[in-house]
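**Student:** Okay, handing you the structure first.
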Amino acid sequence: MGLKKLIVRRPNGLLGCHYRFILPEEVLQPGIARRAKGGLIMVTLAPTHNAITLSNQAFMKAFADDDAAAVSRCYTEDGKILPPQSEPITGRPGIEAFWRMVLDMGIKSATLETMEVVEYPGGACEVGRYLLATAEGKVADRGKYMVIWRDEGGAMKLYRDIWNTSISPSA
């Protein structure tokens, strides 16, 4: 068994990474592997970075459209958000209610910037930065986030979402 990280240059010029795992056949999911030497299976995971980018764009568009229901559909059915200074919220109805509250507070724009994606079979972990702004363009919050993504029905959806501000309380 082993793991090899390959650094690659994407068409947009940014660096990314692929991971190659060599695992015994009994631990693999069907359809993602090919046979290698010694009865082991070599798995090359295709980058999910583009799928995450598309999902983040859908999230940002739903925010700009003031559509909390569309924001919640970016999450898995059993998705969970872990907002700062709040208890975790599980499931799309609760997630929709949370984002409706945020939108009703005057936050009308969300900008997400992916800094790192670590891929694994069936999902990925993303680390990034966010910026929330009012309709007038005033920064309401900026910070960092970590998302665990899952493939749900062929689309990457947010499974676990945690974030916190980078703005000092004294600011």
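Just so it is clear, none of the values below were taken in a lab; they were calculated from the coordinates. In this text, all values refer to a predicted model and were calculated from it rather than measured experimentally. Cβ placement follows ideal geometry from the backbone for every residue including glycine, while neighbour counts extend to all protein chains displayed.
**Student:** In whole percent, what relative contact order does segment 50-171 give with Cα contacts below 8 Å and a gap of six or more residues? Provide the component values of the computation, followed by the final result.
**Tutor:** Values: 234 pairs, mean separation 28.8, N = 122.
With pairs under 8 Å counted, the relative contact order is 24 percent.
**Student:** For a quick check: with amide H placed at 1.01 Å from N, whose amide H comes under 5 Å from Thr76's, ignoring anything fewer than 5 positions away on the same chain?
**Tutor:** Leu158, Tyr159
**Student:** Using the Karplus curve 6.51 cos²θ - 1.76 cosθ + 1.60 with θ = phi - 60°, work out ³J(HN,Hα) for each residue of segment 104-115 in order, rounded to whole Hz, and write x for Gly and Pro.
**Tutor:** Going residue by residue, I get 5, 7, x, 7, 10, 9, 10, 10, 10, 10, 6, 9 Hz, with x marking Gly and Pro.
**Student:** Then there's this: Sort Leu158, Leu54 by Cβ crowding within 10 Å, fewest neighbours at the top. Don't skip to the end; give the middle numbers.
**Tutor:** Numbers: Leu158 25, Leu54 12.
In order of increasing Cβ crowding within 10 Å: Leu54, Leu158.
**Student:** Right, here's the next one. Among DSSP bridges having both ends in segment 87-171, what percentage is antiparallel? Round to the nearest 5. Provide the component values of the computation, followed by the final result.
**Tutor:** Values: 33 of 33 bridges.
Among the beta bridges of segment 87-171, antiparallel pairing accounts for roughly 100 percent.
**Student:** Still on this structure: By how many nm would the segment from Ser170 to Glu87 lengthen if fully extended, with 0.36 nm per residue of separation less the alpha-carbon distance? Write out the running numbers ahead of the final one.
**Tutor:** Details: separation 83, 0.36 × 83 = 29.88 nm, distance 2.37 nm.
Going from the current span to full extension adds 27.5 nm.
**Student:** If the reach is capped at under 15 angstrom between alpha carbons, list the aspartates and glutamates near Lys157, excluding any in the same chain fewer than eight residues apart.
**Tutor:** Straight-line reach from Lys157, under 15 Å: Glu77, Asp78, Glu96, Glu119, Glu126.
**Student:** Whole-Hz ³J(HN,Hα) for each residue in segment 139-150, computed from phi via Karplus 6.51 cos²θ - 1.76 cosθ + 1.60 with θ = phi - 60°, x for glycine and proline: what do you get?
**Tutor:** Karplus values, whole Hz, x for Gly and Pro: 5, 8, 6, 8, x, 10, 9, 9, 10, 9, 9, 10.
**Student:** Can I ask one more? Describe numerically, in nm with one decimal, the distance between label points set 7 Å from Cα along Cα→Cβ at Val118 and at Thr53.
**Tutor:** The modelled label-to-label distance comes out at 2.2 nm.
**Student:** Hey, what do the phi angles of segment 54-68 turn into as Karplus ³J(HN,Hα) couplings, whole Hz, using 6.51/-1.76/1.60 and θ = phi - 60°, x for Gly and Pro?
**Tutor:** Here the 3J(HN,Hα) series is 5, 5, 5, 5, 5, 4, 5, 5, 4, 4, 5, 7, 6, 10, 5 Hz.
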